[in-house]
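Please treat every number below as a calculation from the coordinates, not as lab data. For clarity, every value in this text was computed on a predicted model and none was experimentally measured. All Cβ positions, glycine included, derive from the backbone under ideal geometry; neighbour counts span all protein chains shown.
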Amino acid sequence: MDKRAPWIITLLLVATFITPQAFAATSIKVIASFSVIEDLVKRVAGDDISITTIVPEGDDVHRWELTPPNVLAVEEADIVFYNGHGLEPWIRHVEAMANDTLTLMALAESANYAPLTIPVGQHKGNPDPHMWMDPKGAAAYIEVITHTLSVRYPDKAAAFQARAVQAREALALLDQQIQERLEGIPQTNRILTTSEAAFGYFAHAYGFEYAAIWGLGSETLGSAQAMEIMSKRLTDKRPPALFYESTTPYIHMDALAREAGLTLAGPLYVDTLSDTDGPAYNYPAMLRHNAELLHEALGGARAEE
Ligand SMILES: [Zn+2]
């Protein structure tokens, strides 16, 4: 055996023990504002990053308030990926804390995807933030995530780009699956009604007539006027079902369903994923769950198998 071997082995052993610590100290520290963005960032970043998510799954991204652990995470972070277009009103506190080395990236505001506007409520006419609800919107987020990570960590850019190709292919396949699942819903039943106007992109992508009681989850929810407008609409349209969402109060849509004698279905997922045991354990599962629920509640044809 080579005489140098013992000290080489010693160095390797030392390196083996030191490396995890040193890597942890210099590892990429990325923050995602909420669970959907965490999912999309992970698809590009893989195991090359340590990611912290501000709003835990199940909680309301619109009404979150920063916690002390959130503040500590922001202080240590290199990049904060958030949605923007007013989805996270609390991001202004993150902006106030930002130093020169922190990259703040609003995915929906930077995405190459035409925004729709909020159709109702206090923010009517502003860009609708829920762009990820169309897989093509999520693919536009992937582009921004990939570019941002590649600029910040050029030595890992090739790995980011390779994962982005896979992510885009998976999203294109998901889009096709959702389209096919929803195809069986008769045209006259393609009426989507939710509490928050968070499904505009989804309705636009898959051909649903759409209405909601309020515009954004951060505004006054279910005012008397908003409830009356929706009540009149339901009397007129008589959709096969109304829907509630996992993070919105249930009582408003429930009251409208009872009043009009209509079926209430849910929950749809939009502003959060579920926990790992739930139906929206990741982004594709969230859209598939929603498509399945719509298919069932709006009288979709049975699969011919
Ligand atoms: Zn929302």
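A few points about this structure:
- Of GLY184, PHE160, GLY261, farthest towards positive along the dipole that unit charges on Lys, Arg, Asp, Glu beta carbons give the chain: PHE160
- Estimated Rh, the stretch 157-198: Kirkwood, alpha-carbon pairs, angstrom: 13.1 Å
- Ranking VAL41, GLY58, LEU149 by Cα position along the charge dipole of the chain, where only Lys, Arg, Asp and Glu carry charges on their C-beta atoms, puts LEU149 farthest toward the positive end.
- Relative frequency of Cα-Cα separations exceeding 20 Å in the stretch 21-178, percent: 50 percent
- Alpha-carbon Debye profile of the chain, log10 I(q)/I(0) at 0.08 Å⁻¹: -0.41
- Computed with the Debye formula from one identical point scatterer per Cα of the stretch 115-185, without solvent, the log10 of I(q)/I(0) at q = 0.17, 0.18, 0.22 Å⁻¹ comes to -0.77, -0.81, -0.93.
- Those lysines that a straight Cα-Cα span of less than 20 Å connects to LYS124, excepting residues fewer than 8 apart in one chain: LYS232
- The base-10 log of I(q)/I(0) for the stretch 185-297, evaluated at q = 0.16, 0.17, 0.24 Å⁻¹, reads -0.70, -0.79, -1.52 [Debye formula, identical scatterers on Cα atoms, solvent excluded].
- Listed residues ALA106, ALA96, PRO127: farthest to the positive end of the dipole of the stretch 78-137 (Cβ charges): PRO127
- Listed by chain and number, the aspartates and glutamates whose C-alpha is less than 20 Å from the C-alpha of LYS156, apart from same-chain residues fewer than 8 away, are GLU38, ASP39, ASP47, ASP48, ASP78, GLU143.
- Ordering of 206-218, 156-168 by packing is 206-218, 156-168, highest average first (other Cβ atoms within 10 Å, averaged per residue).
- Helix 251-260 and the long axis of the chain differ in direction by around 30°, with both axes built from C-alpha atoms.
- Loop-located GluC sites (Glu not before Pro) in the stretch 112-205 (DSSP state other than H, G, I, E, B) with a sparse environment of at most 12 neighbouring Cβ atoms within 10 Å: GLU183.
- Normalised by the number of residues in the chain, the average gap of Cα pairs under 8 Å and 6 or more apart makes the relative contact order 17 percent.
- Angle of helix 5-26 to the longest C-alpha principal axis of the chain, folded into 0 to 90 degrees and rounded to 10: 30°.
- DSSP-loop trypsin sites (Lys or Arg not before Pro) across the stretch 237-305, with at most 11 other Cβ within 10 angstrom: ARG302
- Dividing the helix sum by the residues of the chain, where each DSSP H run of 4 or more adds -39500 (n - 2.57), gives a mean residue ellipticity at 222 nm of -15000 deg cm²/dmol.
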